[in-house]
Amino acid sequence: MNVVIAIDSFKGSMTSLEAGESASAGIRRIYPDADIAIRPLADGGEGTVDALTLGCGGTRTQVCVTGPLEKPVLCSYGILDAGKTAVIEMSGAAGITLLSETERNPLYTTTYGVGEVIRDAIARGCRHFIIGIGGSATNDGGIGMLQALGFDLLDQEGIPVRHGALGLRDLAVISDSHVLPELKECTFRIACDVTNPLCGPQGCSAVFGPQKGADPAMIQQMDQWLSSYATLAGKSFPETNPAHAGAGAAGGLGFAFLTFFHATLESGVNIILEETHLSDYIKNADIIITGEGCLDGQTVMGKAPVGVAKIAKEFQKPVLAFSGCVTEDAKACHAAGIDAFFPIVRGAVSLEDAMQTDHAKQNMTDTVEQVFRMLRTFQNTK
């Protein structure tokens, strides 16, 4: 029995590796000598650093940077390819989970710390970057990050604008005269699974602003400021395109990467699968195991388990998925390559109890055991 396990994290419950190890334990109860490869998985958001660092044999480091409300935070990131590539989650420096609900206010939250992490990686010799930009607390169009990297963002008086979206209100000059010189040697692959433009009804302010603490008046103001920012950027950077799919990601951080760094915005799942060479493991497997915290109709919209299933079907491999919960519309996953799925919760319990890590691990192990017990039964009756 040759099994490949690639399960996304159960957010707030199990990491990708913990879920994989728990599934492996269930298989070994039935097939003690099984050849099992556990491959870390993520979708470009939380867990991206872990997945790529583990999956590519990299190392982790950390740096103290400016948090979203300018308080110091420790941000961990990965280094791959003998020090040439950095893997960063912007949420580690400017994420919404770094703030309490009462602290959320995109007028003041900044991406400055993201730029500081990039600076630190450049100082360590990295010139290639893979950056996940999900989970941001910001709506500053990436100007904080740009300031940290040496861009001059000035008001009418030639004074640097303040941090946060309020800085966009006063922005009159954008210059790269003092930018970090090593940036011209750097490449950026941005893990981004949203397609929102920078401005308008589907822009970052309107769609994501409320969850970051914005009220209707703030949303209208920030949208106008971002539009003016894009117009100003276009005067010096002719490739500026605020309508580009994903420009509105992370409160306009996607726009900053596209405009000032010529970055590529890519599916986070595809980056993970490509960089960890999952297909090399799948092609010789008998069964593929995947899953995520909640399997539902949204899973087929480019989430990690379907990315795994797509590769598996290229090699005609069966795919089983295990999830904390499964909704009615998860049936769409069958057409996307997941042959069967199984919820691991084994009784009527509270969500809090089901998400406790020890309980989740045990439920995963026990459920996978029963599925593989069934497989063995049918094998023995052939």
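The values are calculated or read from the model by the stated rules, or taken from the named source; none is laboratory data. Everything quoted here is computed from the prediction, not taken from an experiment. Glycine also receives a Cβ, built like all others from the backbone with ideal geometry; neighbour counts cover every protein chain displayed. Surface areas here come from the heavy atoms of the whole protein model, side chains and all, with no ligands, DNA or RNA. Shrake-Rupley method; radii C 1.70, N 1.55, O 1.52, S 1.80 Å.
Summary of values
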item: Test result for residue 257, of a type outside the set (Asp, Glu) and surrounded by 24 or more Cβ atoms within 10 Å (Cβ to Cβ); result: yes
item: Cβ-Cβ under 9 Å pairs, at least 6 apart or on other chains, region 5-20 side without any contact (Cβ under 8 Å) to a residue 60 or more places away in the chain and under 10 Å from residue 39 (Cα atoms), far side among the acidic types (Asp, Glu) and surrounded by fewer than 24 Cβ atoms within 10 Å (Cβ to Cβ); result: 16/50; 17/50
item: Unique match (being surrounded by 15 or more Cβ atoms within 10 Å (Cβ to Cβ) and either free of Cβ contacts under 8 Å to residues at least 40 places away in the same chain or within 21 Å of residue 24 (Cα to Cα) (or both)) among 341, 378, 315; result: 341
item: Region 205-220 - residue that is in contact with a Ser or Thr (Cβ under 9 Å, 6 or more places away or on another chain) and surrounded by 19 or more Cβ atoms within 10 Å (Cβ to Cβ) and, of those, farthest from residue 135 (Cα to Cα); result: 218
item: Number of the exception - residue 42 against (1) hydrophobic (A, V, I, L, M, F, W, C); (2) assigned to a helix (DSSP H, G or I); (3) open to solvent by less than 20 Å² (accessible area, probe 1.4 Å); result: (2)
item: Qualifying residue in region 131-141 (condition: open to solvent by 40 Å² or more (accessible area, probe 1.4 Å), among the small types (Gly, Ala, Ser) and more than 22 Å from residue 208 (Cα to Cα)); result: no
item: So residue 69, is it of a type outside the set (Phe, Trp, Tyr), touching a Pro at 6+ places or on another chain (Cβ under 7 Å) and farther than 21 Å from residue 376 by Cβ; result: no
item: Cβ pairs under 8 Å, 6+ apart, first in region 28-57 and farther than 14 Å from residue 6 by Cα and among the aliphatic types (A, V, I, L, M), second part of a helix (DSSP H, G or I) and open to solvent by 30 Å² or more (accessible area, probe 1.4 Å); result: 30/373; 30/375; 30/376; 34/28
item: Sole residue being of a type outside the set (D, E, K, R) and in contact with a strand residue (DSSP E or B) (Cβ under 7 Å, 6 or more places away or on another chain), chosen from 338, 311; result: 338
item: Residue list for region 180-198, restricted to those being open to solvent by less than 40 Å² (accessible area, probe 1.4 Å) and either in contact with a Pro (Cβ under 8 Å, 6 or more places away or on another chain) or assigned to a loop (DSSP other than H, G, I, E, B) (or both); result: 180, 186, 192, 196, 197, 198
item: Test: residue 332 is open to solvent by less than 50 Å² (accessible area, probe 1.4 Å) and in contact with a Pro (Cβ under 6 Å, 6 or more places away or on another chain); result: no
item: Residue that is nearest to the chain's Cα centre (by Cα) [pool: residues in region 120-159 that are assigned to a helix (DSSP H, G or I) and over 18 Å from residue 175 (Cα atoms)]; result: 121
item: Selection count where residues are in contact with a Leu (Cβ under 8 Å, 6 or more places away or on another chain) and crowded, with 24+ Cβ neighbours inside 10 Å, scope region 21-38; result: 0
item: Where a residue in region 281-299 is more than 14 Å from residue 23 (Cα to Cα) and open to solvent by 20 Å² or more (accessible area, probe 1.4 Å) and its partner, wherever it lies, is assigned to a strand (DSSP E or B) and modelled with pLDDT of 95 or more, with Cβ under 6 Å and at least six apart; result: 281/4; 281/37; 286/2
item: Top-ranked residue of region 54-98 - restricted to ones that are of a type in the set (A, V, I, L, M, F, W, C), open to solvent by 20 Å² or more (accessible area, probe 1.4 Å) and not in a strand (DSSP E or B), ranked as nearest to residue 42 (Cα to Cα); result: 54
